[in-house]
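Okay, so here's the structure we're looking at.
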Amino acid sequence: MEQVKCECGHVNPHGTAFCESCGKPLVDLGERPLLDMRYEGSARRSQTYKKTIIDQIWAFFSSVKVGVALIVITLVASAIGTIFPQQMYIPPNVDPAEYYKQQYGWAGKLYYELGFNNLYGSWWYILLIALIGVSLVICSLDRVIPLYRALKRQGVKRHPHFLERQRLFGVSHVSDLDKTMAVLKERLAARRYHVREEGGHLLAEKGRFSRWGPYVNHIGLIIFLIGAMLRSVPGMYTDRVMWIPEGETKEIPGTNGRYFLKSEKFIFETYEKGKDNEVFNAAIDRVGNGMIAKNYQTNVVLYKRVGPVIPGAKPKLEKVKEYPIRVNEPLKFDHYALYQVDFRLNEPKAMSFQLADKQSGKTFGTVTVDLYDPKESYNLGHGYRVELLSYFPDFEFDEDGNPSTKSRVPNNPAFVFKMYAPDRPKGEVSFVAIRQTIEPFGDNKYKMAFAGLQTRNVSGLTVRRDFTLWILGLGGVIFMIGLIQGMYWNHRRIWVQRINGELWIAAHTNKNWFGLKNELRRLLDGTGVAMPTDRLEEEKQAGQGGQAHGTA
Amino acid sequence: MKKQQRLVMRTTILLVLLAAIVYTIYTNFFTEKTAVAVGSTAPDFVLADLEGNEHRLSDYRGKGVFLNFWGTWCKPCEREMPYMNELYPIYKKQGVEILAVNVGEPELNVKKFAERFGLEFPIVIDRQDQVLNAYNVGPLPTTFLIDKNGEVKQIITGTMTKDDIQRHLESIKP
């Protein structure tokens, strides 16, 4: 392996820009006056060896350009995903291919054909995120290790070429070098610099840990990504929807049949004038009385199934607890949480009809049809009887013009009744829908007169169990720590050396040069040492246009 | 020597990252979204048919079971029902049962539907959605092919032609 030995005796890895120990430039810098201090001039390994395939893959992912490209592609794709609604937000009972074309024209068709309708769950989107993760790991490793090495090995005494190529650099003649050095050392220590002395030279340094900020930040991101990845591991993450009508007991999905829930009541309250505090009156007047939601609540009873779980079998239930689920006040049990997310008010439950004589209006009894479990035949006594021939919970005419149902939910119930009476022993057929009656076989004597509707409210709940949340939280906290570490602290270094009877000062910071200059001014005040000049600004003023300086 | 070490190190890190990506992609896209995966044992259940007879899946061990989830409003389900009915007696003799699970509709509607198509095979109604949850069925129709050992051989969503059904029934003959 090629190595470069500096004249100070330190052996540097191949590719190092300037000596790790003394800072003497190892490559010919030509006329460039300033050193690029990024990564301390250390040799990023991936840049120097590209022999095997592994090294080439490594080199690819260690490139910040590649990382930025991946992030930009992901951002653009994410943005495109918001142009039209994702498939999970379109009505569930429509064909997505048709829907996108119908709603958004050719753009929608293209959107669907390119798979943007399921963008965030598509394999290539997940692959992109994963590649960003790989890029993060490799970029970080490839930089943090050489940087750590370089900062650990830096010598106090630096080569004059290093000093004079710093952005802040000055040479002063002072009468008493020893005394000035001692004063500076004391002042630096008072300003919380960590001062090292070697052969009469000083290296004062503070805030080095700020340099690790970006890498701590990356570790946080990687932990976050691992948390997101774990969501696809069975059992780690459950997110299911549950619709439960008042009065019913249903299995809680996602609990493998171990828990059941009964809804006692769904409560929807609004702010009303007179009933609520006067401070709300202005808002109520503006929006309307009874228009502002105050509370969505489902009173539930939680049951646990005892004995073996055989789906379909009537479960033996044991009451666990009663709880009012309100928005942001979920029912929590066994790491599950049930959230109030949706509701449907006044959903039809049963419909009542009276068998009546169309002419006289005389009635012969009431038939109540349970819309979830209708009976086939209803006997009204005295020879009057009603048969239910067909029932359509969600009535529509299908493509062939036949009556049919859209779903199993009684949104728009319709019935075909056959009515028997002593004077109509063969029966009369009547098709009854909401606000509509059809008598397919001519005029009937009797009719089914609408006599009432029983309704109930249905609660929409979300069942969630998430074992990845703490990992995401941890990742987030570490991310923030790294961010703060890198943002609010600066890594400042000041070199003070005596060279040929002169006092040389050079200073470097990874950010906030203004602050460093202020600090230097205070340090040097009254010592007779001249304030170092900012050579980058000098260059700018000279109108040559300076090379931007590294700030990693 | 150091170079050798670095190659090993890099290879290891890249392999770990690759494994994580492959695992994520695999679990997201190549395993069934249903709770029941191909190759796993079909969850047992017990449901009553229209005559009130109870059908327990584990009682069908030793036979193939063509388990079809359906609803009366679902047109694709309606299309494949007559084919299933036609093939049912032929394959029943050869040890393959057809069991149709209705997704909790009123018994009246299921009965009328069965009468309309003259359906011969047993139809059970999953009133509380328990079986639907256990099998995590999304779209209808969904069919699970279960072999004589109770293992799920294949999961089919969407409508099937008569040839498809015949091929599937053939595949789970004991």
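The values are calculated or read from the model by the stated rules, or taken from the named source; none is laboratory data. Since we're looking at a predicted model, the values are computed, not measured. Positions of Cβ are backbone-derived with ideal geometry, glycine not excepted, and every protein chain shown enters the neighbour counts.
Looking at (1) in contact with a strand residue (DSSP E or B) (Cβ under 7 Å, 6 or more places away or on another chain); (2) within 14 Å of another protein chain (Cβ to nearest Cβ), can you tell me which one A:Ala337 breaks?
Result: A:Ala337 fails condition (2) only.
For residues that are facing chain B (nearest Cβ under 9 Å) and out of contact with any strand residue (DSSP E or B) (no Cβ under 8 Å at 6 or more places or on another chain), scanning just the range A:368-412, find the one that is farthest from A:Gly427 (Cα to Cα).
A:Glu399
Hey, among the residues in the range A:59-86 that are among the small types (Gly, Ala, Ser) and either closer than 29 Å to B:Leu140 by Cα or assigned to a helix (DSSP H, G or I) (or both), which one's modelled with the highest pLDDT?
A:Ala69
Can you list the helices (runs of 4 or more DSSP H) lying wholly within the range A:87-189 that have 1 or more residues being free of Cβ contacts under 8 Å to residues at least 60 places away in the same chain?
Helices (runs of 4 or more DSSP H) meeting the threshold: A:96-113, A:123-153.
Among what's in the range B:59-89 and is within 21 Å of A:Asp398 (Cβ to Cβ) and hydroxyl-bearing (Ser, Thr, Tyr), pick the residue that is surrounded by the fewest Cβ atoms within 10 Å (Cβ to Cβ).
B:Tyr83
In this structure, does A:Pro422 turn out to be exposed (fewer than 14 other Cβ atoms within 10 Å of the Cβ), more than 51 Å from the chain's Cα centre (by Cα) and in contact (Cβ under 8 Å) with a residue 12 or more places away in the chain?
Considered against the rule, which asks whether it is exposed (fewer than 14 other Cβ atoms within 10 Å of the Cβ), more than 51 Å from the chain's Cα centre (by Cα) and in contact (Cβ under 8 Å) with a residue 12 or more places away in the chain, A:Pro422 comes out as yes.
Take the conditions farther than 25 Å from B:Thr159 by Cβ and either facing chain A (nearest Cβ under 9 Å) or outside any helix (DSSP H, G or I) (or both) and apply them to B:Leu99. Does it pass?
Spelling it out, it is not the case that B:Leu99 is farther than 25 Å from B:Thr159 by Cβ and either facing chain A (nearest Cβ under 9 Å) or outside any helix (DSSP H, G or I) (or both).
Name every residue in the range A:232-253 that is assigned to a loop (DSSP other than H, G, I, E, B), within 15 Å of A:Leu461 (Cβ to Cβ) and touching a helix residue (DSSP H, G or I) at 6+ places or on another chain (Cβ under 8 Å), in order of residue number.
Result: A:Pro253, single match.
I'm told B:Ile25 meets every condition in (1) within 13 Å of chain A (Cβ to nearest Cβ); (2) part of a strand (DSSP E or B) except one. Can you identify the failing condition by its number?
(2)
Tell me which of these B:Tyr91 doesn't satisfy, since it passes every other one: (1) more than 25 Å from A:Val409 (Cα to Cα); (2) away from chain A (no Cβ under 11 Å); (3) modelled with pLDDT of 90 or more; (4) under 17 Å from the mean Cα position of the chain (by Cα).
(4)
Outside any strand (DSSP E or B) and over 30 Å from A:Asp95 (Cβ atoms) - does that describe any residue in the range A:393-410?
no
So for the range B:104-120 (the condition being in a helix (DSSP H, G or I) and closer than 22 Å to A:Pro308 by Cβ), does at least one residue qualify?
There is no residue in the range B:104-120 that is in a helix (DSSP H, G or I) and closer than 22 Å to A:Pro308 by Cβ.
Determine which single condition A:Asp239 fails, assuming it passes every other condition in (1) within 20 Å of A:Gly475 (Cβ to Cβ); (2) at pLDDT 90 or above.
(2)
List the residue pairs whose Cβ atoms are under 7 Å apart, where the first residue sits in the range A:212-237 and is more than 13 Å from every other protein chain (Cβ to nearest Cβ), the second is of a type in the set (Ser, Thr, Tyr) and in a helix (DSSP H, G or I), and the two are 6 or more positions apart or on different chains.
A:Tyr215/A:Ser140; A:His218/A:Ser140
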